[in-house]
Number of protein chains: 2
Amino acid sequence: MALPGRPHWSMDVNLKQLSRMLELSQTTVSRALNGYPEVAEETRRRVVDAARRHGYRPNPSARRLATGKAGMIGYVMPTGASVDIDPHFVEFLSGLGDYARTHELDLTLSPSTIEDEEMTYRRIVANKQVDAVYVSSPRPRDARIALLNDLGIPFIVHGRSEGLDFDYPFLDIDNEAAFHEAARLLIQLGHRRIALINGNADQTFAIHRERGLRRALAAGGVELPPHRVRAMPMTEENGYRAASDFLAARERPTAIVCSSLLMTLGVTRALRDAGLSVPGDVSLIAHDDVFPFLKPENFPVPLATTRSSIRAAGQRIAERLAARIAGVEDGARGEVWAVDLVVRASVAQVKG
Amino acid sequence: MALPGRPHWSMDVNLKQLSRMLELSQTTVSRALNGYPEVAEETRRRVVDAARRHGYRPNPSARRLATGKAGMIGYVMPTGASVDIDPHFVEFLSGLGDYARTHELDLTLSPSTIEDEEMTYRRIVANKQVDAVYVSSPRPRDARIALLNDLGIPFIVHGRSEGLDFDYPFLDIDNEAAFHEAARLLIQLGHRRIALINGNADQTFAIHRERGLRRALAAGGVELPPHRVRAMPMTEENGYRAASDFLAARERPTAIVCSSLLMTLGVTRALRDAGLSVPGDVSLIAHDDVFPFLKPENFPVPLATTRSSIRAAGQRIAERLAARIAGVEDGARGEVWAVDLVVRASVAQVKG
DNA sequence: GCCGAAATTCAAAGCGCTTTGACTGGCGGC
DNA sequence: GCCGCCAGTCAAAGCGCTTTGAATTTCGGC
């Protein structure tokens, strides 16, 4: 591949050179390009034009060194031999990227073990590697949030924490209402033995979902005994295990609410193994984060879901992060998205 | 949260300050820390010790500006409303992160549309934002590889391209051999009508898999007519469609080889819909990238697979990338990993 | 026709690090 | 006793940008 005449953005000119060509000082050129007011309009035009023609692009390292701004969003990514990144992360990333792409923002992933997490946050902040960070999968009293709050770097939490004695900016979906609705529907259909298969118990979203479910059940005068609740990482295998346990009980549930599509895969397998049908024997509702590669309508029996696009959340978070970096957004604004309840064939009136 | 006595790595000391404390020049301190030989051992000890005590951490921006080294691995992430990031990416990322974490390497994701891809690569290289990049999902004659080769930045391709007139470093699994083996097994078991459900036809891995399959079939004197091959994005839905088509044909296949577990989910659904059993009516072999959240042994009938951990590949690529950055590895070394064929209950002797 | 303010522009000082080139002192060799 | 050399050390120059503080020009007003 021959070099096709040095494409003009190939960064072969720096500020000094550019200013020399224009017979202006670096100061003026810099200001012209960064939109400062004290530059004559005529001059600015000349500068901007020349910059484009020569494909001038400020060196980010230099700029960062001088200003402290990085043009980067940071994410501390949990890793470790036994740590699995949530597959939801990919979809979230798609959304984040979608927005970031159009705003010259890159994303820095800093892998870290859980133990080193705090140190990693401190490092990326102290180093000014990133202008803002986002936090995912928050737990109650999440130490990361308190830390970032102290550190004073712009951040947004995807999800919510609880038990913190200060407010912070977040974007969350209304998990409680979602599962409340789901449970209410089941109760209306006459279900009394309802089971919950949830994500990890230390995650706020799981807590909220259980809370919503319980609230609806309580309102309907229905019990939720401990043996009808499971909370674990959201894999197919765990879904299978949990459901198998439920189904083996003397009084098996007539409905199962599940926190993830992947787990529900395991649930349907368990049902099949047990020779039970959906929704004849057991009704099913799951939460759907809207993956392109696995759709609830394509389950053996189309699956009723509480639905919220995790990708859209990624976009929105990028947008808000950008706004915070620019200083346009501040304060501890929390944003809670409503969740759709999508009824499909997997729920039915309870039998008998 | 009260500040717990300013943890010592909070980057409140820079090189100048540190050298002043030690009553040494910045030069010497810098050299001592970076392991240059012309520093007295005694001095080095003092310096290293003081650096640790004061939690000195070089400012990456400054270092980058001075050296051009970034301490970052880059990835140009395809995004767009209709672009879905491959869920495999998460697992790969876990592996990459696993290694990167222990080597002070961060990862920069630069979201980009397909059209802007080349420009994005050029930008991150020109800006010295990253020391090395990796390329995933290569296609034949992949323009990105040619570009990076020209640009002269260290890179590694995860997978392979074909039809390029130069060599380049890559890490790939032996997709051809894997599917060759799979097909050979099926032929040994008497299968003659074998179908293939593949990933996107423009991906090299898909091409290699089909090639391996064809080779084995040819050797066994078996045909692979076009109507028994499908190539499409690897979603559950597409797996279902492809399998449904196959099963609706006059002469339905007695065995299906599938490029992904996610697709195979759809395949088993189609089989169920058609009232067919595995392996009684149809044998199944799929490729398994080893996801924690979906395991072949947990399929309704345990699924035979060609297996290779995509996570391990991520680790290895990070390792090699680091080696290239350090100048320890160079040249166009290609690495091809063997793939295990794991036989499980989903394959059987053909009926009749 | 002169003055001070407003409008532009500039030179130079950083940002925190690496690296070049020069400068010490101590030591063996003749 | 002098020279050359080597091990250590240092001051200073850059990396490419922003920003401060000062200099220059312009211009309305009297």
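The values are calculated or read from the model by the stated rules, or taken from the named source; none is laboratory data. Only a predicted model underlies this, so the values are computations on that prediction, with no experimental measurement involved. Ideal geometry is used to build each Cβ from the backbone, glycine not excepted, and the neighbour counts take in all protein chains shown. Calculation scope for accessible area: heavy atoms of the full protein, side chains included, ligands and nucleic acids excluded. Shrake-Rupley method; radii C 1.70, N 1.55, O 1.52, S 1.80 Å.
For peptide B:228-239, the mean count of partner chain Cβ atoms within 10 Å of a residue's Cβ comes to 2.
The charge dipole of the stretch A:129-242, taken about its Cα centre with unit charges on the Cβ atoms of Lys, Arg (+1), Asp and Glu (-1) only, comes to about 680 debye. Near the amide H of A:Ser112, within less than 5 Å, lie the amide hydrogens of A:Met77, A:Thr79, all on another chain or at least 5 residues away, with H placed in the peptide plane. Once the 1.4 Å probe is applied to the protein heavy atoms, the stretch A:208-352 comes out at 39 Å² accessible per residue.
Taking the DSSP beta bridges with both ends in chain B, the antiparallel portion is around 10 percent.
Would you work out which of A:Asn127, A:Ala143, B:Ala255 lies farthest towards the positive end of the dipole of the protein assembly as shown? Charges go on Cβ: Lys and Arg +1, Asp and Glu -1. Of A:Asn127, A:Ala143, B:Ala255, it is A:Asn127.
Full extension of the chain between A:Arg333 and A:Thr67 yields a length gain of 93.1 nm, computed as 0.36 nm times the residue separation minus the alpha carbon distance. Starting from the Cα gyration tensor of chain B, take the square roots of the eigenvalues, sort them a ≥ b ≥ c, and report rounded, prolate or oblate (rounded when a/c is under 1.5, otherwise prolate if a/b is larger than b/c, else oblate). Prolate shape, in that a/c is at least 1.5 and a/b is the bigger ratio. Distances in nm, one decimal, shortest first, from A:Tyr36 to the same residue in every other copy, taking the label point 7 angstrom along Cα→Cβ. Ordered by increasing distance: 3.5 nm. Relative to the other identical copies, A:Ala248 shows label-point distances of 4.1 nm, where the label point lies 7 Å from Cα along the Cβ direction and values run shortest first. Spatially, the stretch B:213-277 and the stretch A:171-231 are offset by 39 Å when compared through their Cα centroids.
Ordering B:Thr43, A:Thr306 by accessible surface, largest first, gives B:Thr43, A:Thr306; the 1.4 Å probe counts only protein heavy atoms, with every chain in place. The accessible area of B:Val339, taken with all protein chains in place and a 1.4 Å probe, comes to roughly 30 Å². Measuring against 31 Å, Cα to Cα, the residue pairs B:Lys16/B:Lys128; B:Lys69/B:Lys295; A:Lys351/B:Lys295 contain B:Lys69/B:Lys295; A:Lys351/B:Lys295 as the ones spanning a longer distance. Computed from point charges on the beta carbon alone (+1 for Lys and Arg, -1 for Asp and Glu), the dipole magnitude for the protein assembly as shown about its Cα centre is near 200 Debye.
For the protein assembly as shown, the share of accessible area belonging to carbon and sulfur comes to 50 percent (1.4 Å probe, ligands and nucleic acids excluded).
Buried accessible surface for the B/A chain pair comes to about 5900 Å², total over both chains, computed with a 1.4 Å probe.
When shorter helices are ignored and each DSSP H run of at least 4 residues is given -39500 (n - 2.57), the per-residue value for chain A at 222 nm works out to -12500 deg cm²/dmol.
In a reduced charge model with +1 at each Lys and Arg Cβ and -1 at each Asp and Glu Cβ, the stretch B:185-247 shows a dipole moment near 280 debye about its Cα centre.
If both residues of a DSSP beta bridge must be in the stretch B:201-352, then about 25% of such bridges are antiparallel. Rolling a 1.4 Å probe over the protein heavy atoms leaves A:Tyr56 with an accessible area of roughly 40 Å². When A:Ser244, B:Ser259 are compared by accessible surface with a 1.4 Å probe, the order from highest to lowest is A:Ser244, B:Ser259.
Between the Cα long axis of helix A:88-101 and the first principal axis of chain A there is an angle of about 30°, rounded to the nearest 10.
A:Phe92 contributes about 10 Å² of solvent-accessible surface, heavy atoms of the protein only, 1.4 Å probe.
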